[in-house]
Amino acid sequence: MIDLTEKLYTVKEVAYLLRCSYDTARRDFLIEDGVLERANSGARKRLYRQILVPESVLLRVLRRRERKSVSSRNAA
């Protein structure tokens, strides 16, 4: 269930927060559960879509990345 009061981030905002490229953030978050995707519906040739990342998903990914970096530092 989606909390309608939760802050939603665009891919551009996520890329800025994570200090990565737009393409990397887009690729990483498209596969995450809970990410909202809004696409145009019509007879256009090109598909336009907006990806919105809820704050809870962003925090979940940040925690996962943090665990990976800590475990890789401990292994070295």
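Every read-out reported here was derived from the displayed coordinates using simple, explicitly stated rules and does not represent laboratory data. Because the structure is a prediction, the values reported are computed rather than measured. FYI the Cβ positions are ideal-geometry reconstructions off the backbone, even for glycines, and counts take in every protein chain you see.
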Requested in this report: Kindly state, to the nearest 0.05, the FRET efficiency for R27 paired with K68, given R0 = 22 Å and r defined as their beta-carbon distance.
Outcome: 0.85
Query raised in the report: What length, rounded to one decimal in nm, is gained on full extension from S56 through to R38, with 0.36 nm per residue of separation minus their alpha-carbon distance?
Result: 4.6 nm
Report task. Convert each backbone phi in the stretch 46-51 into a coupling constant with the Karplus relation 6.51 cos²θ - 1.76 cosθ + 1.60 (shift: θ = phi - 60°), then list the ³J(HN,Hα) values in order as whole Hz, x for Gly and Pro. Result -> 9, 8, 10, 9, 10, 10
**Report entry** HN-Hα J in Hz across the stretch 24-38 - Karplus 6.51, -1.76, 1.60, θ = phi - 60°, x for Gly and Pro
**Finding:** 5, 4, 4, 5, 5, 8, 5, 8, 7, 6, x, 7, 8, 10, 10
Query raised in the report: Applying 1/(1 + (r/R0)^6) with R0 = 30 Å to the Cβ-Cβ distance of K45 and T10, what FRET efficiency is obtained, to the nearest 0.05?
Result: 0.80
Report task. Divide by every residue of the chain the summed helix terms, -39500 (n - 2.57) for each DSSP H run of at least 4, and state the resulting mean residue ellipticity at 222 nm, rounded to the nearest 500 deg cm²/dmol. Result -> -15500 deg cm²/dmol
